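Below you'll find the structure, written out as structure tokens, and then a few comments.
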Amino acid sequence: MRMKFGIFLAPFHQLGENPTLAIERDFKLIELLDELDYDEAWIGEHHSAGWETIASPEVFIAAAAQRTRHIKLGTGVVSLPYHHPLILADRMVLLDHITRGRAMLGVGPGALYTDALMLGIDPTRQRQMMSEAMDAIMALLTSDEPVTRRTDWFELVDGRLQLKSYSEPHLPIVVASVQSPAGVELAGKYGAGILSAAARVGERGLVDLREQWQIAEQTAAAHGKTMRREEWRLSMPIHLSDSRKQALADVRETGGHYWIDYMQRAVGHEAPPGPPETIIEQMMEGGSVVVGTPDDLIATIERSQETTGGFGGLLVRAHEWTTWDKTRYSYELLARYVMPRYQGSLHALEASYQDACARVDGIKETRKAAIDRAHEDYEARAGARR
């Protein structure tokens with residue numbers, strides 16, 4: 001199957017930078033990806049902790065759609081417990097029309113507990129709330145009849161969408177999955193796509209992606225749905241350069257500080273032990289980031305295909321661990337040397353090249369014969385004129 005390539009744009013902007021310029025840089029990144037023929041970009045929703053500064057992915061997507069031509073744009077992800085399902089579904093359907101079918105709805109429970117606490121939401125209830133909201137959203141997107149739902153946090157009374165999706169049968173739906181089985185179960189219930197962190201160490205150890213996919217398939221079967229591996233996306237931090245040494249030099253220092261300053265101190269995830277400048281190398285060894293050459297990324301994709309049983313999309317977890325020029329070069333290398341291997345654009349070229357190589361001796365003889373014949377014809381015509 002043709003693999004999709006894109007980015008997962010939280011975004012992550014360091015403290016101390018001009019936030020307006022940082023958001024403008026996010027737009028420029030998506031414009032670049034559109035030029036490089038990436039398939040999609042997923043934009044996050046966050047409201048606290050200082051680094052992830054896009055509060056409304058829908059607003060951002062509407063603006064990005066005006067700057068691009070073909071790249072698909074998804075909420076990556078919208079936090080369902082923060083929104084009334086009717087209002088969210090209505091906004092996303094509008095976005096589906098504005099983008100002429102390029103919008104995608106990615107959903108999750110909410111990644112930052114500081115967001116939930118500000119809203120008075122018990123973080124232990126977020127996954128249940130996500131499931132309740134998803135049930136209402138799917139009913140609104142698929143039913144021709146009015147929808148009524150009553151929970152302890154929202155009511156929907158004879159609700160309907162006055163505007164149906166531009167996409168058929170409705171805009172694409174993807175559920176985020178990081179560590180718990182809640183995301184893959186919810187995706188299975190509705191036969192939705194899955195957006196997974198490719199490798200993540202948490203309180204219960206390393207996530208087994210193959211097992212998570214099995215949970216999704218089992219849940220789908222119980223609800224009469226079918227899961228499609230081409231709609232399973234893995235996301236991981238990636239940085240490429242001409243050599244592994246150069247790539248590591250590009251991101252070692254800033255990348256290490258990101259894991260300590262933000263992921264550990266503000267979000268609460270444990271960073272690998274040791275000083276910041278050693279963290280990226282440790283994560284490379286653990287397989288949770290790819291820092292190296294296009295060949296290194298190709299090898300990682302091959303291993304991941306084997307360990308998962310097969311997936312259909314790879315998303316770069318966008319970061320700003322180095323300069324814009326080096327970041328741009330990384331995305332260019334991925335587009336030039338990695339994407340074609342998984343999108344069917346090299347097979348015919350390689351076959352044509354091998355065919356030419358196999359026939360090159362005969363081609364030399366034919367070329368010589370053709371040139372000799374041309375000389376003979378010329379001499380014959382010259383002789384006739386004399």
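Which distance in nm do the two modelled labels at residue 375 and residue 263 give, with both placed 7 Å along the Cα-to-Cβ direction?
Those two pseudo-labels are separated by 6.8 nm.
Would you calculate a helix-derived [θ] at 222 nm for the chain, using -39,500 (n - 2.57) for each DSSP H run of n ≥ 4 and dividing by the full residue count, to the nearest 500?
Calculated mean residue ellipticity at 222 nm is -14500 deg cm²/dmol.
Looking at 346, 312, 363, which one has the Cα that reaches farthest to the positive end of the dipole of the chain (charges on Cβ: Lys, Arg +1; Asp, Glu -1)?
Result: 363.
Take the Cβ-Cβ distance between residue 25 and residue 1 as r, set R0 to 35 Å, and report the resulting FRET efficiency rounded to the nearest 0.05.
The calculated FRET efficiency here is 0.60.
Based on the mean of other Cβ atoms within 10 Å per residue, sort peptides 314-322, 59-67, 95-103 so the most packed one is first.
314-322, 95-103, 59-67
Mind ranking 184-196, 331-343 by how tightly packed they are, going by the mean number of other C-beta atoms within 10 angstrom, highest first?
184-196, 331-343
Which net charge results when you count Lys and Arg as +1 and Asp and Glu as -1 among the other residues whose beta-carbon is under 12 Å from that of residue 375?
With Lys, Arg at +1 and Asp, Glu at -1, the net is -1.
What residues qualify as long-range amide H neighbours of residue 317, i.e. H under 5 Å apart, gap of 5 or more or another chain, H built at 1.01 Å from N?
Here 8, 236, 238 satisfy the definition.
Based on C-alpha coordinates, I'd like the Rg and Dmax of segment 325-376, in Å.
When restricted to Cα atoms, segment 325-376 yields Rg and Dmax of 19.2, 59 Å.
My understanding is that a pair violates if its Cα-Cα distance is over 19 Å; which of 72/326; 28/72; 164/189; 28/245; 4/326 do that in this structure?
72/326; 164/189; 28/245; 4/326
Write down the percent of antiparallel bridges among all DSSP beta bridges whose residues are both part of segment 193-334, to the nearest 5.
For segment 193-334, the DSSP antiparallel bridge percentage is about 15.
Treat every Asp and Glu Cβ in the chain as -1 and every Lys and Arg Cβ as +1, leave all other atoms uncharged, and give the resulting dipole magnitude about the Cα centre to the nearest 20 debye.
So the magnitude is around 1000 debye.
Out of all DSSP beta bridges in segment 4-347, what portion is antiparallel? Express it as a percent rounded to 5.
So the antiparallel bridges amount to about 10 percent of the total.
Computed over the Cα atoms, what is the radius of gyration of the chain divided by 2.2 N^0.38 Å, N being its residue count?
1.20
Taken together, the values in this text are just the output of simple stated rules run on the coordinates, not laboratory data. These figures come from a predicted structure and were not determined experimentally. Here Cβ is always computed from backbone atoms with ideal geometry, including for glycine, and neighbour counts include all displayed protein chains.
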